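The structure under discussion appears below in the form of structure tokens.
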Amino acid sequence: MLRRKGFTLIVSGPSGAGKSSLCRAIVAGDAGVGMCVTTTTRPPRPDEVEGRDRFFLSEEAFRERVRQGAFAEWASVHGFLYGTTREALRAAQEHHDVVILDVDVQGAKHWRQQLQEACVTVFVVPPSLAGLKQRLIGRGTDAGEDLERRIENAREEMAHAGSYGYLIINDRIEDAVSLLRAIVAAERCRSIRYEGDIVKEMMSGE
């Protein structure tokens, strides 16, 4: 019997590029796509919900979970700790054929090595650094040194964009969502996503 295999969709990009909005839109419009909720030590933003957008822990609690081996991968980003627990990944894979991971460039490198062809990578960028700065200012959650650090980190992160399979310039959110949906649809159709003898299965329907 011909069976389609799932894959993991890695979405990265600088803070303020709109990754979270893109991911939420894709999940809301496709029952087969689900988020793997990552864990962080940074404070939640006003629009974020515990367990939906992230799991929020103190640094002490996060590092204790590291010692327990709870994380499949983790890293320090923008002065905070971020990671993907094995439990969260299993939960997402049980219910969805496409699992989205919103991770930084360090996390993306880890998952590319671990998952190989079962990993699809997308890098999301703003139309310009000036536009990114305005988005961060408008968000109202970053100020002073933290804001400048995120801008500098954005320059460094965008240097890795060429190592990703796809690039989305998020100028208009509606267009960016359409592009991400198209990527998911195209990747689902790749022949490597199918198990079984394709020719035999097709011929059996004569």
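The values are calculated or read from the model by the stated rules, or taken from the named source; none is laboratory data. All values derive from a computational prediction rather than experimental measurement. Here Cβ is always computed from backbone atoms with ideal geometry, including for glycine, and neighbour counts include all displayed protein chains.
Computed quantities for the displayed model
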read-out: Positions within the stretch 173-201 being charged (D, E, K, R), over 17 Å from Leu9 (Cα atoms), surrounded by 11 or more Cβ atoms within 10 Å (Cβ to Cβ) and modelled with pLDDT of 90 or more, in sequence order; value: Asp175
read-out: Qualifying residue in the stretch 45-55 (condition: part of a helix (DSSP H, G or I), under 18 Å from the mean Cα position of the chain (by Cα), at pLDDT below 95 and on the phi < 0 side of the Ramachandran plot); value: no
read-out: Any pair with Cβ under 9 angstrom, 6 or more apart, that starts in the stretch 58-78 at a residue that is polar (S, T, N, Q) and ends at one that is surrounded by 13 or more Cβ atoms within 10 Å (Cβ to Cβ); value: Ser58/Thr41; Ser76/Tyr82; Ser76/Gln106
read-out: Among (1) assigned to a strand (DSSP E or B); (2) of a type in the set (S, T, N, Q); (3) within 13 Å of the chain's Cα centre (by Cα) - the single one Ser76 does not satisfy; value: (3)
read-out: Residues of the stretch 22-38 classified as over 19 Å from Tyr164 (Cα atoms) and either free of Cβ contacts under 8 Å to residues at least 12 places away in the same chain or out of contact with any helix residue (DSSP H, G or I) (no Cβ under 6 Å at 6 or more places or on another chain) (or both), total; value: 8
read-out: Residue within the stretch 46-68 that is crowded, with 17+ Cβ neighbours inside 10 Å and in contact with a His (Cβ under 8 Å, 6 or more places away or on another chain) present; value: no
read-out: Complete set of residues in the stretch 69-105 that are more than 23 Å from Glu152 (Cα to Cα), surrounded by fewer than 18 Cβ atoms within 10 Å (Cβ to Cβ) and not aliphatic (A, V, I, L, M); value: Gly69, Arg86, Glu87, Arg90, Gln93, Glu94, His95, Asp97
read-out: Subset tally (residues that are surrounded by fewer than 18 Cβ atoms within 10 Å (Cβ to Cβ), in a helix (DSSP H, G or I), out of contact with any strand residue (DSSP E or B) (no Cβ under 6 Å at 6 or more places or on another chain) and of a type outside the set (Ser, Thr, Tyr)) for the stretch 10-37; value: 3
read-out: Gln113, sole failed condition from (1) under 14 Å from Pro14 (Cα atoms); (2) of a type outside the set (Phe, Trp, Tyr); (3) assigned to a helix (DSSP H, G or I); value: (1)
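Rundown of residues vs (1) touching an Asp or Glu at 6+ places or on another chain (Cβ under 7 Å); (2) on the phi < 0 side of the Ramachandran plot; (3) of a type in the set (Val, Ile, Thr), yes/no style:
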position: Ser20; (1), (2), (3): yes, yes, no
position: Asp30; (1), (2), (3): no, yes, no
position: Gly34; (1), (2), (3): no, yes, no
position: Gly69; (1), (2), (3): no, no, no
